[in-house]
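Data first, discussion second: the structure below is written as structure tokens.
The values are calculated or read from the model by the stated rules, or taken from the named source; none is laboratory data. All values derive from a computational prediction rather than experimental measurement. FYI the Cβ positions are ideal-geometry reconstructions off the backbone, even for glycines, and counts take in every protein chain you see. All accessible areas refer to the heavy atoms of the entire protein, side chains included, with ligands and DNA or RNA removed. Shrake-Rupley method; radii C 1.70, N 1.55, O 1.52, S 1.80 Å.
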Amino acid sequence: MAPRYIVSALKDKDLENPTSITQIYRARATYRLGKRGALTEMKILLSLIHREKYICWSRNKENSNIVADIFKTCLDSVKLLNMFPLVLFFDCTYKTKRYRLPLLEIVGVTSTKLTFSVAFAY
């Protein structure tokens, strides 16, 4: 639920409630940090990819632990790609989200003109 709706619901129940939207944002951030534990964002991403059984490749920059590229797809997408390999769209969106990395999305089209995600790469 969006924080503004949480504050609104609290105010509807009790007009004297001093809770602000900032407190809601802080509580959510604290909850997420506690849930994450000592894992970094990259470790969480890789663990989710492996837990959901995605096919994933990543490359590190030379002589370091810094990830340069990540490519992920799922087995069902590969099966669909093998059945419908004729039309593929590649779309690269630059500077997405927090780390301002380019996101490459590959989308396929079936014979009935339905689209499916083939893969994503950062």
Got a sec? Which of 61, 11, 35 is among the basic types (Lys, Arg), surrounded by 10 or more Cβ atoms within 10 Å (Cβ to Cβ) and within 30 Å of residue 117 (Cβ to Cβ)? 61
From (1) exposed (fewer than 10 other Cβ atoms within 10 Å of the Cβ); (2) under 30 Å from residue 108 (Cβ atoms), pick out the condition that doesn't hold for residue 70. (1)
Going through the range 65-100 in order, the residues found to be at pLDDT 85 or above, among the small types (Gly, Ala, Ser) and within 24 Å of residue 40 (Cα to Cα) are none
Would you be able to say whether some residue in the range 47-57 is open to solvent by 70 Å² or more (accessible area, probe 1.4 Å) and part of a strand (DSSP E or B)? yes
Could you tell me whether the range 19-38 includes any residue that is touching a Phe, Trp or Tyr at 6+ places or on another chain (Cβ under 8 Å) and either of a type outside the set (Phe, Trp, Tyr) or under 30 Å from residue 1 (Cβ atoms) (or both)? no
Condition (residue is in contact (Cβ under 8 Å) with a residue 12 or more places away in the chain, touching a helix residue (DSSP H, G or I) at 6+ places or on another chain (Cβ under 8 Å), within 14 Å of residue 122 (Cβ to Cβ) and not small (Gly, Ala, Ser)) applied to the range 39-53: is it met by at least one residue? no
Can residue 5 be described as part of a helix (DSSP H, G or I), open to solvent by 100 Å² or more (accessible area, probe 1.4 Å) and in contact with a helix residue (DSSP H, G or I) (Cβ under 8 Å, 6 or more places away or on another chain)? no
So, in the range 74-100, exactly how many residues are polar (S, T, N, Q), more than 13 Å from the chain's Cα centre (by Cα) and open to solvent by less than 50 Å² (accessible area, probe 1.4 Å)? 1
In the range 101-112, residue surrounded by the most Cβ atoms within 10 Å (Cβ to Cβ) [restricted to those that are under 22 Å from the mean Cα position of the chain (by Cα) and more than 21 Å from residue 43 (Cβ to Cβ)]: 108
Within the range 17-46, residues in a loop (DSSP other than H, G, I, E, B) and either at pLDDT 85 or above or hydroxyl-bearing (Ser, Thr, Tyr) (or both) come out as 17, 18, 19, 20, 40
